[in-house]
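Notes to accompany the following structure.
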């Protein structure tokens, strides 16, 4: 059973029933996205807090189900990932999710930007705010599902946040931030993989350590840049 989907309750049910695991992983991600959006709109809790609770709860539920299923896979692959153990099928699924995410973001780029920076104005001019909201959450859920195999549950949040934060501190224009975040992601993955090979360590943590170092460098640069100007 692929390690990236074992933490999703719907994937575990799919494994038992015998349907494709990708369907179960997708359903788990969509459920998390819809639940996050609903709780955010119908409570005073902030969205990042709701997202943390929902995803952590789903992960815990998946671990309980995982402990009841007879499998030879190790729990550490869920927590820390197993990048070198990615199969061709999992690679194709990841590329498919990446392609869908990139296509949607490029097609609706202006709408997403307006919604993220000024949702009230987006609502006034008639944009489908709720659709954009749930669409972003679904894209995020799909990205998380695709990232679990590489770095595991514990480190996937760092992989999602670190490149954007680093790019935010280095660039002032949004377009340049997108390019910088992409470069940081690719560079940290390549360098982290090489480091893990030479020290015989886990690949996922090595990648995140590289991103942490890049974050410190970007932070120092952002502090020194005003002094130079």
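The values are calculated or read from the model by the stated rules, or taken from the named source; none is laboratory data. As the structure is a computational prediction, the values presented were derived from the model and not from experiment. Methodologically, a virtual Cβ is constructed for each residue, glycine included, from the backbone with ideal geometry; neighbour enumeration extends over all protein chains shown.
Residue-wise test of (1) surrounded by 20 or more Cβ atoms within 10 Å (Cβ to Cβ); (2) under 30 Å from residue 40 (Cα atoms); (3) at pLDDT 85 or above.
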position	(1), (2), (3)
124	no, yes, yes
131	no, yes, yes
143	no, yes, no
147	yes, yes, no
153	yes, yes, no
163	yes, yes, yes
177	no, yes, yes
186	no, no, yes
198	no, no, yes
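Here residue 33 qualifies as surrounded by 13 or more Cβ atoms within 10 Å (Cβ to Cβ), over 24 Å from residue 88 (Cβ atoms) and modelled with pLDDT under 75. For the range 113-122, the set of residues classified as within 13 Å of residue 135 (Cα to Cα) and touching a helix residue (DSSP H, G or I) at 6+ places or on another chain (Cβ under 6 Å) consists of 115 only. Search the range 46-57 for residues being farther than 17 Å from residue 145 by Cα and modelled with pLDDT under 75, and hand back the single one that is surrounded by the fewest Cβ atoms within 10 Å (Cβ to Cβ). Taking the candidates together, the pick is 48.
Would you say residue 116 is free of Cβ contacts under 8 Å to residues at least 40 places away in the same chain, closer than 24 Å to residue 52 by Cα and surrounded by fewer than 17 Cβ atoms within 10 Å (Cβ to Cβ)? Break it down stepwise before answering.
Numbers: free of Cβ contacts under 8 Å to residues at least 40 places away in the same chain: yes; closer than 24 Å to residue 52 by Cα: yes; surrounded by fewer than 17 Cβ atoms within 10 Å (Cβ to Cβ): yes.
Yes: the conditions hold for residue 116.
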